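To start, the structure itself, in structure tokens.
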Amino acid sequence: MTAAIALRIDGMTCDSCATHVREALERVPGVRSAAVSYPKARAEVAADAGVSFEALATTVAKLGYRASVADAGSPPVGVLDKTLGFLASGAQRDAGGLQLHIAVIGSGGAAMAAALKAVEQGAKVTLVERGVIGGTCVNVGCVPSKIMIRAAHIAHLRRKSPFDDGIGACTPAILRERLLAQQQARVDELRQAKYETILADKPSITVLRGEARFRDAHSLLVRQADGVEQHVTFDRCLIATGASPAEPPIPGLSDTPYWTSTEALESETLPPRLAVIGSSVVAVELAQAFARLGSKVTILARSTLFFREDPAIGEAVTAAFRAEGIQVLEHTQASKVAYADGEFVLATGQGELRVDKLLVATGRAPNTRALALEAAGVAVNTQGGVVIDAAMRTSTPHIYAAGDCTDQPQFVYVAAAAGTRAAINMTGGEAALDLATMPAVVFSDPQVATVGLSEAEAHRAGIETDSRLLTLDNVPRALANFDTRGFIKLVAEAGSGRLIGVQAVTPEAGEIIQTAVLAIRARMTVVELGDQLFPYLTMVEGLKLAAQTFSKDVTQLSCCAG
């Protein structure tokens with residue numbers, strides 16, 4: 001004998017959720033078939049007489065949704081919601097008018113963007129932060145590092161510039177403690193203005209201080225500083241816990257007082273000798289900053305600088321660094337690290353290296369270990385990053401994740417964009433994050449900026465390419481600056497000429513790259529890019545000149561030829 005059971009399903013946010021519920025219900029022993037509707041928030045189950053409502057409800061709960069006996073006399077949930085635009089973009093959870101409650105773990109770029117968008121959509125938010133409000137970027141990442149890099153750049157120009165024949169150079173006195181105070185004051189100011197004040201002015205956001213972990217798929221336990229645990233239930237949750245510097249498996253390293261980027265940026269002193277282990281963004285930026293402030297710096301690169309990028313990038317940066325007196329040891333690893341009498345001793349294939357401080361910048365690991373993700377059924381990858389789909393949804397459909405705790409590119413603007421889109425999806429909308437034209441910038445000098453595909457990436461994707469590399473001695477602005485370090489490279493699709501990638505190593509490359517982003521997004525060809533009006537004398541004009549090299553010899557053009 002077959003029975004028909006009607007269930008109301010709360011918590012679904014899309015048709016994909018309905019599919020997950022249907023598939024799970026049909027796996028319950030005794031269930032013949034199931035039909036699940038997201039707009040109606042309803043499941044119709046045909047099952048053997050022995051199948052209980054409790055068994056079905058338990059199955060639904062394991063997915064993170066809630067099942068109850070459907071009331072045949074009430075209007076289907078979802079129809080009125082859709083008619084009224086889902087009552088402030090989906091923030092009303094049911095016909096009873098219960099306000100959607102979203103828990104956000106973290107307070108950095110992804111977390112703040114999500115919290116603000118969620119309350120804009122009509123939800124209420126509980127934001128949980130275990131440390132300092134604002135996350136990595138404003139406190140110990142982007143903001144303090146760029147301040148330090150700028151100060152180092154000023155010191156470098158006072159010491160040496162292309163105009164020293166007419167402007168007397170000098171050796172600047174570096175007062176590190178004063179620079180640090182200035183840096184920290186601006187960090188505090190931005191954290192207050194962009195995080196703490198905004199949160200205080202949003203009554204729909206409750207800030208809870210403490211360490212969060214999942215109790216189950218619909219609740220958190222938050223351990224506060226006094227040891228008291230608070231139980232927080234939610235309808236949706238966003239994991240936005242960021243990442244922390246990773247420690248490479250070098251024998252002896254963990255027994256030494258080595259620096260991560262956090263300690264380096266907070267140091268009140270400048271080491272006479274500094275070794276940097278790493279070859280990418282953080283390692284390169286801080287190595288040059290310390291060198292320009294007076295440290296003798298040695299970089300140990302396991303391969304080459306920026307080995308994952310177009311080889312020309314690493315070659316150009318390495319040449320610029322060596323010209324400044326920074327020692328770059330390529331294909332070099334520390335096989336052992338020791339520390340004694342205030343000195344680090346690194347054993348390498350090129351001999352022993354002794355320094356006063358050691359900065360390790362070999363990558364960042366997701367902050368997920370303490371979250372008890374298994375209690376909520378949230379899957380992680382081998383690096384501990386939360387696995388998400390295109391909608392930022394985890395393996396538990398009503399729990400989302402964004403930013404550095406996932407496998408998304410570790411840039412704060414990516415995290416913020418992902419957090420905003422996650423909030424839209426948590427409140428009934430549909431949004432995805434398109435990273436096809438994501439710009440990336442390294443704030444070295446010269447800067448490194450990229451967007452789209454390199455030649456190698458295009459070839460791996462089966463795209464034939466036509467590329468040009470323009471050295472900066474062909475760019476009038478660089479000539480006027482007496483600084484022709486670097487290049488601009490354009491990668492085009494062979495045949496069509498459509499621009500698909502740009503790599504630039506130039507002063508102010510970060511200011512150039514967004515023009516390339518827009519050109520790629522507009523599906524411009526290199527001919528179309530070369531026909532645009534660019535202001536003279538600007539560095540971005542180099543994009544136009546690079547585009548013109550596909551069809552002409554730019555060395556034979558007048559200086560401002562159109």
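Being crowded, with 20+ Cβ neighbours inside 10 Å, more than 27 Å from LEU98 (Cα to Cα), touching a residue at least 40 places away in the same chain (Cβ under 8 Å) and acidic (Asp, Glu) is true for just one of ASP445, ASP466. Which residue is that?
Among ASP445, ASP466, only ASP445 is crowded, with 20+ Cβ neighbours inside 10 Å, more than 27 Å from LEU98 (Cα to Cα), touching a residue at least 40 places away in the same chain (Cβ under 8 Å) and acidic (Asp, Glu).
Taking SER279 and the conditions (1) at pLDDT 95 or above; (2) over 30 Å from ALA301 (Cβ atoms), which numbered condition does it fall short on, given that it satisfies the others?
Single failed check for SER279: (2).
Out of the residues in segment 496-508 meeting the condition of being of a type in the set (Gly, Ala, Ser), buried (at least 17 other Cβ atoms within 10 Å of the Cβ) and more than 15 Å from LEU545 (Cα to Cα), tell me which one is nearest to the chain's Cα centre (by Cα).
Ranking the candidates gives GLY501 first.
Could you check segment 378-400 and list, in sequence order, the residues that are in a strand (DSSP E or B) and either in contact with a Pro (Cβ under 6 Å, 6 or more places away or on another chain) or not charged (D, E, K, R) (or both)?
Matches in segment 378-400: VAL380, VAL386, ILE399, TYR400.
Kindly list the number of the only condition in (1) touching a helix residue (DSSP H, G or I) at 6+ places or on another chain (Cβ under 8 Å); (2) touching a residue at least 60 places away in the same chain (Cβ under 8 Å); (3) surrounded by fewer than 17 Cβ atoms within 10 Å (Cβ to Cβ) that fails for PRO144.
(3)
Under the condition of being among the charged types (D, E, K, R) and under 30 Å from HIS459 (Cβ atoms), which residue from segment 323-367 is surrounded by the most Cβ atoms within 10 Å (Cβ to Cβ)?
ARG364
Give all pairs with beta carbons closer than 9 Å in which a residue from segment 161-181 that is outside the structural domain of ALA289 (by TED's automatic domain parsing) meets a residue that is modelled with pLDDT of 95 or more and polar (S, T, N, Q); count only pairs at least 6 apart in sequence or on separate chains.
PRO162/ASN481; ILE167/SER161; ALA169/SER161; ARG176/SER267; ARG176/THR269; GLU177/THR269; LEU180/SER267
Could you check segment 508-553 and list, in sequence order, the residues that are touching a residue at least 40 places away in the same chain (Cβ under 8 Å) and over 16 Å from VAL451 (Cβ atoms)?
Listed by number, the residues that qualify are TYR536, LEU537, THR538, GLU541, LEU545, THR549, PHE550.
Could you grab the pairs with beta carbons closer than 8 Å, sequence gap of 6+ or different chains, first residue in segment 289-314 and at negative phi, second one part of a loop (DSSP other than H, G, I, E, B) and of a type in the set (D, E, K, R)?
If the second residue must be part of a loop (DSSP other than H, G, I, E, B) and of a type in the set (D, E, K, R), the pairs left are ALA291/GLU324; ARG292/GLU324; ALA301/GLU330; SER303/GLU330; THR304/GLU330; LEU305/GLU330.
Tally time: how many residues in segment 1-58 are free of Cβ contacts under 8 Å to residues at least 60 places away in the same chain, under 22 Å from GLY428 (Cβ atoms) and β-branched (Val, Ile, Thr)?
4
Looking at ARG213, ARG308, ARG292, ARG302, which is the one that is among the basic types (Lys, Arg), crowded, with 20+ Cβ neighbours inside 10 Å and either assigned to a helix (DSSP H, G or I) or at pLDDT 95 or above (or both)?
Within the list ARG213, ARG308, ARG292, ARG302, the selection yields ARG292.
Any residue that is at pLDDT 95 or above and either out of contact with any Cys (no Cβ under 7 Å at 6 or more places or on another chain) or not in a helix (DSSP H, G or I) (or both) - is there at least one of those in segment 63-76?
No, every residue in segment 63-76 fails to be at pLDDT 95 or above and either out of contact with any Cys (no Cβ under 7 Å at 6 or more places or on another chain) or not in a helix (DSSP H, G or I) (or both).
TRP259 fails exactly one of the following numbered conditions: (1) closer than 28 Å to VAL414 by Cα; (2) in the same structural domain as ILE388 (by TED's automatic domain parsing). What is the number of that condition?
The single condition TRP259 does not satisfy is (2).
Hey, among the residues in segment 226-278 that are touching a helix residue (DSSP H, G or I) at 6+ places or on another chain (Cβ under 8 Å) and among the β-branched types (Val, Ile, Thr), which one's surrounded by the most Cβ atoms within 10 Å (Cβ to Cβ)?
ILE239
Provide a single number: the residues in segment 529-544 that are part of a helix (DSSP H, G or I) and either of a type in the set (Ser, Thr, Tyr) or closer than 20 Å to PRO439 by Cβ (or both).
Number of matching residues: 5.
Kindly indicate whether any position in segment 424-444 is at positive phi and either in contact with a strand residue (DSSP E or B) (Cβ under 9 Å, 6 or more places away or on another chain) or not in a helix (DSSP H, G or I) (or both).
yes
Which one of these is closer than 30 Å to LYS117 by Cβ and among the acidic types (Asp, Glu): ASP216, ASP164?
Among ASP216, ASP164, only ASP216 is closer than 30 Å to LYS117 by Cβ and among the acidic types (Asp, Glu).
Would you tally the residues in segment 230-248 being among the charged types (D, E, K, R) and not in a loop (DSSP other than H, G, I, E, B)?
1
ALA347 is checked against (1) hydrophobic (A, V, I, L, M, F, W, C); (2) touching a residue at least 40 places away in the same chain (Cβ under 8 Å); (3) not assigned by TED's automatic domain parsing to the domain that holds ARG215 and fails just one. What number does that condition carry?
Among (1) hydrophobic (A, V, I, L, M, F, W, C); (2) touching a residue at least 40 places away in the same chain (Cβ under 8 Å); (3) not assigned by TED's automatic domain parsing to the domain that holds ARG215, the lone unmet condition for ALA347 is (2).
The values are calculated or read from the model by the stated rules, or taken from the named source; none is laboratory data. Keep in mind that what you see is a predicted model, and the values were worked out from it rather than measured. Don't worry about glycine lacking a Cβ; one is built from the backbone with ideal geometry, like all the others, and counts go over all protein chains shown.
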